[in-house]
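Participant: Attaching a single structure in structure tokens format; questions to follow.
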Amino acid sequence: MNKLRTATAITSLGLVAAMMAGCASAVGAPTETPAAADAGPSVGELRLGYFANVTHAPALVGLEEGLFADALGDVEVTTQVFNAGPAAIEALSAGAIDATYIGPNPSINTFIQSGGESARIIAGAATGGAALVVRDGIDTPAALEGTTIATPQLGNTQDVAARVWLADEGFETDTSGGGDVQITPTENAQTLTLFQDGQLDGAWLPEPWVSRLIVDAGAHVLQDEADLWEDGQFPTTVLLVRKEFLDEHPDVVADLLAGHEAAVRWIADNPDQAPAVINGAIEKETGKPLADAVITRALEHVTFSVDPHADTFETLVDNGIQAGTQKDGSIEGLFDLTLLNKQLEAEGEEPISAAGLGED
């Protein structure tokens, strides 16, 4: 039916089943483990952010299928939905949420701006699924001169990608909407409407909005972001946790990871059911389901994996600086993959590298 491309870094179901039974970091531990003993004060709620995007499918599936609830047990999961990363970072920084699915560039921004004190990336979630789509009549990059394109929000991952690509193509842009190509940060749903009304010439977006503009509004792809990265692998979504919450509640974060792993695995194991589940979750948040052609195309362009591709993040830092949307600074310590790798080790899987940018 739908071709779901899911990374194979997770193959065993054993650990997740044990996690869902209440174990935070080891299979079959019937009594308190050292990790549990150092878990810090108890917590009754985990506040989770995500977007109603196909690139956030592990969050959507984890909630719809009850995988987070099962893994977290007595800890209640409450949620907040965002349009783009900078807004989610504001909530995380304010202590309004504890963890969020988010793009890599806002994750980098908060880490640098806080001097490494704000948050840690604890897993990957999705790669791919972003592109520049444009109206008829724009068939080459040169034809973009004088046009207006949208991105989800200033400084978000697609906004940075658009600005860097345009610069590489010889165009000048600025963060106030000036330059050879005007970039207008716009909410995704409004972008679709403006494009349909002829008020936008294109947009650099994540899925399913790429596919929505193609299927629902007649756009076509001018630049698939996957073509700009080696082997087409670039992180679109990671799982980011507030550092204070991670320090105080590692047991809860381990259970969150168990639910996250279970969701990634569920998508791989249920290719016929996944589109309907993901689409149903999107309908709950947006009020309207995606057309079958949209969800099918969108899922064909996204890969779901717990690997955050840490080796790409130095390039992402350079891109953000070039785009003028972030400060220069070190990202050493951005990743804490220790809990994830404990789970993978227990499953007999290879550990995932933090590429020298944190603990693994």
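The values are calculated or read from the model by the stated rules, or taken from the named source; none is laboratory data. The model shown is predicted, which means the values in this text are computed figures rather than measured ones. For neighbour counting, all protein chains shown are included, and Cβ atoms are generated from backbone atoms with ideal geometry for every residue, glycine included. SASA here: full protein model, heavy atoms, side chains in, ligands and nucleic acids out. Shrake-Rupley method; radii C 1.70, N 1.55, O 1.52, S 1.80 Å.
Participant: Residue by residue, what Karplus-based ³J(HN,Hα) values in Hz, rounded to whole numbers, does the range 161-175 have, using 6.51, -1.76 and 1.60 with θ = phi - 60° and x for Gly and Pro?
Facilitator: With coefficients 6.51, -1.76 and 1.60, one gets 4, 5, 5, 5, 5, 4, 4, 5, 8, x, 9, 9, 9, 9, 6 Hz.
Participant: Cut-off 10 angstrom, C-alpha nodes, Gaussian network model of the chain. Which of V306, V277, V238 fluctuates the most?
Facilitator: Of V306, V277, V238, the Gaussian network model singles out V277 as fluctuating most.
Participant: I'd like the FRET efficiency for D197 and E244, computed as 1/(1 + (r/R0)^6) with the beta carbon distance as r and R0 of 56 Å, rounded to 0.05. Mind dumping the intermediate values first?
Facilitator: Numbers: r = 44 Å, r/R0 = 0.79.
Here the calculated transfer efficiency is 0.80.
Participant: Can you list the GluC sites (Glu not before Pro) in the range 120-225 that are in a DSSP coil and have 15 or fewer other beta carbons within 10 angstrom? Can you show the working numbers first?
Facilitator: Values: sites: E145, E169, E172, E187, E225; in loops: E145, E169, E172, E187.
Filter output for the range 120-225: E145, E169, E172, E187.
Participant: Now for a different question. Keeping every protein chain present and rolling a 1.4 Å probe, give me the accessible area per residue for the chain in Å².
Facilitator: Details: 13860 Å² over 360 residues.
The answer is 38 Å² per residue.
Participant: Give me the Kirkwood hydrodynamic radius of the range 136-247, using the inverse of the mean 1/r over all pairs of distinct Cα atoms, in Å to one decimal. Don't skip to the answer; put the middle values down first.
Facilitator: Numbers: mean 1/r = 0.0670 Å⁻¹.
The Cα-based Kirkwood calculation yields 14.9 Å.
Participant: Can you tell me which of I321, I89, I122 moves the most in a GNM of the chain? Springs connect C-alpha atoms under 10 Å apart.
Facilitator: Looking only at I321, I89, I122, the largest GNM fluctuation is found for I321.
Participant: Here's something else I'd like to know. Would you mind telling me the antiparallel percentage of the DSSP bridges in the chain, rounded to 5? Mind showing how you got there, number by number?
Facilitator: Values: 24 of 44 bridges.
The antiparallel fraction comes to roughly 55 percent.
Participant: Taking just the alpha carbons, could you work out the radius of gyration and Dmax for the chain, both in angstroms?
Facilitator: 19.7, 66
Participant: Let me ask something else about it. Taking amide H atoms as placed 1.01 Å from N in the peptide plane, list the residues 5 or more away in sequence, or in a different chain, whose amide H sits under 5 Å from that of F82.
Facilitator: The list, which skips near neighbours in sequence, is Y50, F51, A52.
Participant: Find out how many positive minus negative residues lie around D201, taking Lys and Arg as positive, Asp and Glu as negative, among other residues whose Cβ is under 11 Å from that of D201.
Facilitator: On the way: positive: R135; negative: D136, E145.
Summing Lys and Arg as +1 and Asp and Glu as -1 gives -1.
Participant: With unit charges on the beta carbons (Lys and Arg positive, Asp and Glu negative) and the dipole taken about the Cα centre of the range 247-360, which residue among N319, A281, A291 sits farthest to the positive side?
Facilitator: Value: A291.
Participant: Let me ask something else. Separation of the range 290-310 and the range 86-115 by C-alpha centroid, Å?
Facilitator: 23
Participant: So, in the chain, how many Lys pairs have Cα atoms under 28 Å apart, if the pair is 8 or more places apart or on different chains?
Facilitator: Numbers: K3/K284; K3/K288; K243/K327; K243/K342.
Here the count comes out as 4.
Participant: Give the Debye-formula value of log10 I(q)/I(0) at each listed q (0.18, 0.19, 0.32 Å⁻¹), with one equal scatterer per alpha carbon of the range 73-114, two decimals each.
Facilitator: Values, matching the q order: -0.51, -0.56, -1.24.
Participant: Using the Kirkwood radius over C-alpha pairs as Rh, can you work out the diffusion coefficient of the range 105-152 via Stokes-Einstein at 37 °C, viscosity 0.692 mPa s, in µm² per second? Provide the component values of the computation, followed by the final result.
Facilitator: Numbers: Rh = 14.4 Å.
This corresponds to a translational diffusion coefficient of 228 µm²/s.
Participant: Still on this structure, please answer the following. Could you look at the range 155-267 and say what percent of its accessible area is carbon and sulfur, using a 1.4 Å probe and all protein chains?
Facilitator: After summing per-atom areas, the C and S share lands at 37 percent.
Participant: Per the Cauchy relation, a quarter of the hull surface: what is the mean projected area of the convex hull of the alpha carbons in the range 194-345, in nm²? Don't jump to the answer; show the numbers that get you there.
Facilitator: Values: hull surface 47.0 nm².
Approximately 11.7 nm², given one-decimal rounding.
Participant: Place the peptides 285-292, 156-163 in order of packing, highest mean first, counting for every residue the other Cβ atoms within 10 Å and averaging per peptide. Show your work: numbers first, answer last.
Facilitator: On the way: 285-292: 13.9, 156-163: 27.9.
In descending order of packing, they fall as 156-163, 285-292.
Participant: From the residues A167, H309, W266, which one has its Cα farthest along the dipole of the chain in the positive direction, the dipole being from +1 and -1 charges on Cβ of Lys/Arg and Asp/Glu about the Cα centre?
Facilitator: W266
Participant: Which trypsin sites (Lys or Arg not before Pro) in the range 273-360 pass both tests, a DSSP loop state and at most 13 other beta-carbon atoms within 10 Å?
Facilitator: Numbers: sites: K284, R297, K327, K342; in loops: K327.
Passing sites in the range 273-360 are K327.
Participant: Work out from phi, with θ = phi - 60° and the Karplus expression 6.51 cos²θ - 1.76 cosθ + 1.60, the ³J(HN,Hα) of each residue of the range 61-71, listed in order in whole Hz, and give x for Gly and Pro.
Facilitator: Using θ = phi - 60°, the values come out as 5, x, 7, 5, 8, x, 6, 5, 4, 5, 6 Hz.
Participant: Right, something else. HN-Hα J couplings of the range 260-271 from phi, Karplus 6.51/-1.76/1.60, θ = phi - 60°, integer Hz, Gly and Pro as x?
Facilitator: After applying 6.51 cos²θ - 1.76 cosθ + 1.60, I find 5, 4, 4, 5, 4, 5, 4, 4, 5, 7, 10, x Hz.
Participant: Report, in deg cm²/dmol and to the nearest 500, the calculated mean residue ellipticity at 222 nm for the chain, where each DSSP H run with n ≥ 4 adds -39500 (n - 2.57) and the sum is divided by the residue count. Can you show the working numbers first?
Facilitator: Values: 15 runs with 142 residues, N = 360.
Here the helix-only value at 222 nm equals -11500 deg cm²/dmol.
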